[in-house]
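**Q** Right, I'll just put the structure down here and ask away after.
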Amino acid sequence: MMKHFEQDVAAVGDVRRTPLWNSRLVGLDVVDSNGRWLDVNDRLCQLLGRSRRELIGRSVQEFTHPEDAEAEHPRVLRLLDGTERSYRMRKRLARSDGRWMLVEVETSVVESSDSSPRVSLIQPVEEPASIDDAAQGPMMEVDSGRAELFRQILYSIPLPMGVVEVSESDDDVLHVFDNPATCRSFGLAAGAT
């Protein structure tokens with residue numbers, strides 16, 4: 001997902017102008033080189049039970065479980081110095097109600113017209129009601145092999161296929177991902193939807 005998301009960002013020049021930014025499927029954030037939130041989407045606010053105003057300018061580490069922050073720090077350094085392009089992991093984030101939410105985070109430096117911020121896609125691993133029990137164990141790296149295989153298959157299928165999100169009112173459809181065949185069928189460049 002991150003590879004295609006990076007292509008979308010490169011095409012539009014700003015992470016906040018990609019279709020995924022307004023999606024209710026994943027939380028997204030934009031983080032500066034000091035680890036402070038420059039922006040967050042509505043889904044991330046919802047997951048954490050906090051307003052955008054509460055998060056902007058604050059350190060992501062303030063909301064990350066200390067054990068997970070310690071484990072993530074070397075990965076962030078490798079990302080910033082260019083020795084690692086992206087990383088994926090599970091970690092616990094603090095919710096406004098004091099509970100820890102276990103999430104899967106996929107982070108990358110995304111080139112944009114303004115700068116090269118660190119951008120993360122954030123998805124809950126379990127519903128918040130059961131997260132405290134699940135988060136008691138050690139942080140684990142996510143086996144991304146199956147997910148990446150699925151993305152590659154979907155991307156290479158010659159038939160038009162995609163993932164859409166339909167709003168609750170059914171008035172709006174957001175194309176989260178369309179494979180190249182779908183884009184060609186609409187006369188668009190790959191990744192343009």
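The values are calculated or read from the model by the stated rules, or taken from the named source; none is laboratory data. Model, not experiment: these values are computed from the prediction. All Cβ positions, glycine included, derive from the backbone under ideal geometry; neighbour counts span all protein chains shown. Just so you know, the surface numbers come from the protein's heavy atoms only, side chains and all, with ligands and any DNA or RNA stripped out. Shrake-Rupley method; radii C 1.70, N 1.55, O 1.52, S 1.80 Å.
**Q** Would you kindly derive the ³J(HN,Hα) couplings of region 104-109 from the backbone phi angles with the Karplus curve 6.51 cos²θ - 1.76 cosθ + 1.60 (θ = phi - 60°), listing them in order in whole Hz, with x for Gly and Pro?
**A** Whole-Hz 3J(HN,Hα) from phi for region 104-109: 9, 10, 10, 10, 8, 8.
**Q** Which order do you get for 63, 186 if you rank them by accessible area with a 1.4 Å probe, largest at the top?
**A** So the residues, ranked largest to smallest area, are 186, 63.
**Q** Applying the Karplus parametrisation 6.51 cos²θ - 1.76 cosθ + 1.60 with θ = phi - 60° to the phi angles of region 83-99, what ³J(HN,Hα) value in whole Hz is obtained for each residue in order, glycine and proline being reported as x?
**A** Listing the rounded values in order: 7, 10, 7, 7, 8, 9, 7, 9, 8, 9, 10, 7, 8, 5, 7, x, 8 Hz.
**Q** What figure in square angstrom, to the nearest 10, would you give for the accessible area of residue 109 with a 1.4 Å probe?
**A** Probe radius 1.4 Å; accessible area of residue 109 about 40 Å².
**Q** If you take the beta carbon distance between residue 184 and residue 46 as r and set R0 to 45 Å, what does 1/(1 + (r/R0)^6) give as a FRET efficiency, to the nearest 0.05?
**A** 0.80
**Q** Now, a different point. Measure off 7 Å from each Cα along the Cα-to-Cβ vector at residue 24 and residue 56, then give the distance between these two points in nanometres to one decimal.
**A** 2.3
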